[in-house]
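The values are calculated or read from the model by the stated rules, or taken from the named source; none is laboratory data. Quick caveat: nothing in here was measured; it's all calculated off a predicted structure. A quick note on method: Cβ atoms are made from the backbone with ideal geometry, for glycine too, and the neighbour counts reach across all protein chains shown.
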Amino acid sequence: MKNQFICLLVLFVVVAIAKGQSGDQGIILNPNDFVNKKISFQKRQGLKYKMHVFEGSPHRKLSIILGDSLFHFSKDSIFGYVDRHHDFYRIYNQTIFKILNPNETLLIYAREYLGGYKNTQTLIEYYFSRKPGAPIHKLNLHQLKLVFSDLQNFREQLDLAFDSDADLLEFDKGKQKYKINELNINAE
């Protein structure tokens, strides 16, 4: 029994290490690649790989070392990237947004920044876009109604389903999706 437990533990560690070294890290060139989950300039086994995202000015680029080659991409020339933790990010107007729900229709983004007393607190603002290539807006009821002004049914469902802006981040664990996407899909 003890040997079986040790074997299972070793197997779990090997699988976890292998998953951490998979080639899912790379860049997403355009919205269509994002929809199709096509990742370019991925990590390849046996080759040195490093991705560096310059967030501040004057460096407005993303660099990838792949083997002996160095590639530079202007932030405004690509859709986004996938980091080593398999998190998806979108670059919009030189700003990086984490995509919280890459497999849903209406995308929800998070942007962390320092704020509060002497910039000692990490604050999070939430945003959305109607589809992958669409502009990004602050996530609130007013903005949703403006962006979806052509869908009367959706706007009515928003009023019925959500009492406040904070309710827009409700997540259905059973369906593994944000509640707002249930409305969005049904309204289209």
* Structure fact -> Over the stretch 101-115, the set of residues at pLDDT below 90 and not in a strand (DSSP E or B) is Thr105
* Residue within the stretch 155-176 that is polar (S, T, N, Q) and touching a helix residue (DSSP H, G or I) at 6+ places or on another chain (Cβ under 9 Å) present -> yes
* Asked: When you scan the stretch 37-52, how many residues do you find that are modelled with pLDDT under 85 and in a strand (DSSP E or B)?
  -> 1
* Asked: When you scan the stretch 116-138, how many residues do you find that are loosely packed, with under 13 Cβ neighbours inside 10 Å and not in a loop (DSSP other than H, G, I, E, B)?
  -> 7
* **Test: Leu183 is under 25 Å from Val35 (Cα atoms), aliphatic (A, V, I, L, M), exposed (fewer than 14 other Cβ atoms within 10 Å of the Cβ) and free of Cβ contacts under 8 Å to residues at least 40 places away in the same chain** => no
* How many of the residues making up the stretch 154-187 are of a type outside the set (Gly, Ala, Ser), over 15 Å from Leu107 (Cα atoms) and modelled with pLDDT under 90? -> 1
* To do: Could you tell me whether the stretch 148-168 includes any residue that is in contact with a strand residue (DSSP E or B) (Cβ under 7 Å, 6 or more places away or on another chain) and surrounded by 13 or more Cβ atoms within 10 Å (Cβ to Cβ)?
  => no
* Asked: Does Glu55 meet the test of being surrounded by fewer than 18 Cβ atoms within 10 Å (Cβ to Cβ) and modelled with pLDDT of 90 or more?
  -> no
* So, of the residues in the stretch 73-90 that are of a type outside the set (D, E, K, R), surrounded by 19 or more Cβ atoms within 10 Å (Cβ to Cβ) and not in a strand (DSSP E or B), which turns out to be farthest from the chain's Cα centre (by Cα)? -> Ile78
* So which of Asp33, Asp24, Asp76, Asp83 is farther than 28 Å from Leu141 by Cα and at pLDDT 95 or above? -> Asp33
* Structure fact -> Filtering the stretch 146-187 down to residues that are farther than 22 Å from Ala134 by Cα and not in a helix (DSSP H, G or I) yields Phe162, Asp163, Ser164, Glu170, Phe171, Asp172, Lys173, Gly174, Lys175, Gln176
